[in-house]
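The values are calculated or read from the model by the stated rules, or taken from the named source; none is laboratory data. Remember, it's a predicted structure, so these values are computed and weren't measured experimentally. A quick note on method: Cβ atoms are made from the backbone with ideal geometry, for glycine too, and the neighbour counts reach across all protein chains shown. Please note that ligands, DNA and RNA were not included when accessible areas were found on the heavy atoms of the full protein model with its side chains. Shrake-Rupley method; radii C 1.70, N 1.55, O 1.52, S 1.80 Å.
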Amino acid sequence: ISIITGFIKKRREEILLFFLILPFFLLAFTPTDFFIRYLVFTLVPFTILFGKSLEIIRENKKIFYFSIPVISILSILCIAPTFNLKKLLRYDNGTRNLVNYINEHSNPEDYIFSDYTGINFYSQRACPPRLVDVSEAMTKSGQTTSIDIEKGCEKYRVKIILIDISGSAHHLKNLIDYSRFKNYLQRKYIFRGTIKREFQVFEIYIRNDKK
């Protein structure tokens, strides 16, 4: 509503906010990978536009009464396809089990490395600085290679390495020299099995201090 009103009344602020969010909508319809996290960049413009729309609705009774069914229908269309009561009530045991394992097999000052730095946060273990981002974009493009990982892990004597091998894995599995990375693990680490974290499955490697 605020965008339409902004163009009609030629308000610079609304027009500027529109062009700030436009690239993200265009990106969503282009033949490339689009991650939902990209929408985070639109939160501020959307919040401002939403607030301005509420002001317009409050000041105009016709728009107010018209907006109620429209907002209701849009809300149902957005929520209904993905609404799942079981998911809302589900308890995340996988992350807790993974963190408990890390705590049992490492000390607070130890470094760990995995596909997801969120695991470092939950376990309160540091990650080698240069290995914080091992996203698909970094590994697939060769910006991060097994050589970089080996250097980081040796410099900080990483205690535990966790590799996502599930069907949804797309970070470390996309290393352009993945086989070399696996060879490094065989030389320096001991494979201790796998652990499940919801839809992810991690191979666990613990540093072999004898080598």
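Which of the residues spanning the stretch 122-147 are under 19 Å from residue 169 (Cβ atoms), in a helix (DSSP H, G or I) and open to solvent by 30 Å² or more (accessible area, probe 1.4 Å)?
Once the filter is applied, which keeps residues that are under 19 Å from residue 169 (Cβ atoms), in a helix (DSSP H, G or I) and open to solvent by 30 Å² or more (accessible area, probe 1.4 Å), the stretch 122-147 yields 122, 136, 137, 138, 140.
Report yes if residue 191 is open to solvent by less than 10 Å² (accessible area, probe 1.4 Å), touching a residue at least 12 places away in the same chain (Cβ under 8 Å) and over 22 Å from the mean Cα position of the chain (by Cα), otherwise no.
Working: open to solvent by less than 10 Å² (accessible area, probe 1.4 Å): no; touching a residue at least 12 places away in the same chain (Cβ under 8 Å): yes; over 22 Å from the mean Cα position of the chain (by Cα): yes.
When the stated conditions are applied, residue 191 does not pass them.
Does residue 87 satisfy the criteria of being open to solvent by 100 Å² or more (accessible area, probe 1.4 Å), over 26 Å from residue 199 (Cβ atoms) and at pLDDT below 85?
Spelling it out, it is not the case that residue 87 is open to solvent by 100 Å² or more (accessible area, probe 1.4 Å), over 26 Å from residue 199 (Cβ atoms) and at pLDDT below 85.
Given the conditions (1) in contact with a Gly (Cβ under 7 Å, 6 or more places away or on another chain); (2) hydrophobic (A, V, I, L, M, F, W, C); (3) over 22 Å from residue 92 (Cα atoms); (4) open to solvent by less than 70 Å² (accessible area, probe 1.4 Å), and given that residue 204 satisfies all but one, which numbered condition is not satisfied?
Going through (1) in contact with a Gly (Cβ under 7 Å, 6 or more places away or on another chain); (2) hydrophobic (A, V, I, L, M, F, W, C); (3) over 22 Å from residue 92 (Cα atoms); (4) open to solvent by less than 70 Å² (accessible area, probe 1.4 Å) one by one, residue 204 breaks only (3).
Considering 176, 161, which residue is within 25 Å of residue 109 (Cβ to Cβ) and touching a residue at least 12 places away in the same chain (Cβ under 8 Å)? First the steps, then the outcome.
Values: 176 fails: within 25 Å of residue 109 (Cβ to Cβ).
Only one candidate passes the filter, namely 161.
Hey, among the residues in the stretch 148-177 that are in contact with a Pro (Cβ under 8 Å, 6 or more places away or on another chain) and not in a helix (DSSP H, G or I), which one's surrounded by the most Cβ atoms within 10 Å (Cβ to Cβ)?
It comes out as 158.
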